[in-house]
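Trainee: Quick one: structure below, then a few questions.
The values are calculated or read from the model by the stated rules, or taken from the named source; none is laboratory data. Bear in mind that the values here come from a model prediction, so they are computed numbers and not experimental data. Because the Cβ atoms are built from the backbone with ideal geometry, glycine has one as well, and the counts that use them run over all protein chains shown. We work out accessible area using only protein heavy atoms, side chains counted, and drop any ligands, DNA or RNA first. Shrake-Rupley method; radii C 1.70, N 1.55, O 1.52, S 1.80 Å.
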Amino acid sequence: MATDAAGMVEIQAALVRLRRGTGLPVAFGGLVETGRQQMRISELSGTLTPSLRALAVSSGNGLGGKAVALARPCAVLDYSASRQISHEYDAPVAAEGLRAILAVPVVVRRRVRGVLYGALRTAQPLGDRMLSAAMAAARDVEQALVVREEVRELLSAARPAPAPDPAASAVWEQVREAHA
């Protein structure tokens, strides 16, 4: 459910909108893995290296893990020097040359389903406009995931009941006759 290809397409589209709407040079993100307390960065936009691709981010660790654990947006001015986060992911972040980063959770039905990141390669404040744009992109993904889930639920509810097994029907007919 949380790792479906359609969800990945929604994340990628949100990253493109985020970069266009803010001018952020880098955006990346991914979905929380079903049944696990981690998300995997699967979608990249504007990156120069593959260092972040497929990075598994555990809940509570790093900036994105903090956003997952708190279910709210988080940002740092200088990732490698920040005292607000743990530093398990310093090497891949440094390899990409990222400094100022924001992470916004994608929350569906009170459950974090993914994280969108936006980043600069310089240590400078990420203003309200950038945070608002990231939150709007996350809401777009949230709404798309909700619609997808509701369609899936409606389709499964609309499926006709399976036809009764003729052998089972014959057995029940024998039971009825014996009872009569």
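Trainee: Just one of the numbered conditions (1) modelled with pLDDT of 95 or more; (2) closer than 23 Å to Arg111 by Cα; (3) surrounded by fewer than 19 Cβ atoms within 10 Å (Cβ to Cβ) is not true of Glu43; which one?
Mentor: (3)
Trainee: Determine, yes or no, whether Ser80 is part of a loop (DSSP other than H, G, I, E, B) and farther than 21 Å from Asp140 by Cβ.
Mentor: No; evaluated as a whole, the condition is false for this residue.
Trainee: How about region 10-34: which of its residues are under 13 Å from the mean Cα position of the chain (by Cα), open to solvent by 10 Å² or more (accessible area, probe 1.4 Å) and among the small types (Gly, Ala, Ser)?
Mentor: Ala13
Trainee: Quick test of your reading of the structure: Arg121 fulfils all but one of (1) closer than 24 Å to Asp4 by Cα; (2) open to solvent by 40 Å² or more (accessible area, probe 1.4 Å). Name the failing condition by number.
Mentor: The failed condition is (1).
Each row is one residue, and each column tells you yes or no for (1) open to solvent by 20 Å² or more (accessible area, probe 1.4 Å); (2) among the polar types (S, T, N, Q); (3) out of contact with any Leu (no Cβ under 9 Å at 6 or more places or on another chain).
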| site | (1), (2), (3) |
| --- | --- |
| Val68 | yes, no, yes |
| Arg72 | yes, no, yes |
| Asp78 | yes, no, yes |
| Arg83 | yes, no, yes |
| Glu96 | no, no, no |
| Ala100 | no, no, no |
| Ala103 | no, no, no |
| Pro125 | yes, no, no |
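Trainee: I'd like the residue in region 113-134 that is of a type in the set (D, E, K, R) and not in a helix (DSSP H, G or I) and, out of all such residues, is nearest to Ser42 (Cα to Cα).
Mentor: It comes out as Arg113.
Trainee: Scan region 55-73 for residues that are small (Gly, Ala, Ser), part of a helix (DSSP H, G or I) and in contact with a strand residue (DSSP E or B) (Cβ under 6 Å, 6 or more places away or on another chain) and report the count.
Mentor: Going through region 55-73 one residue at a time, the tally reaches 3.
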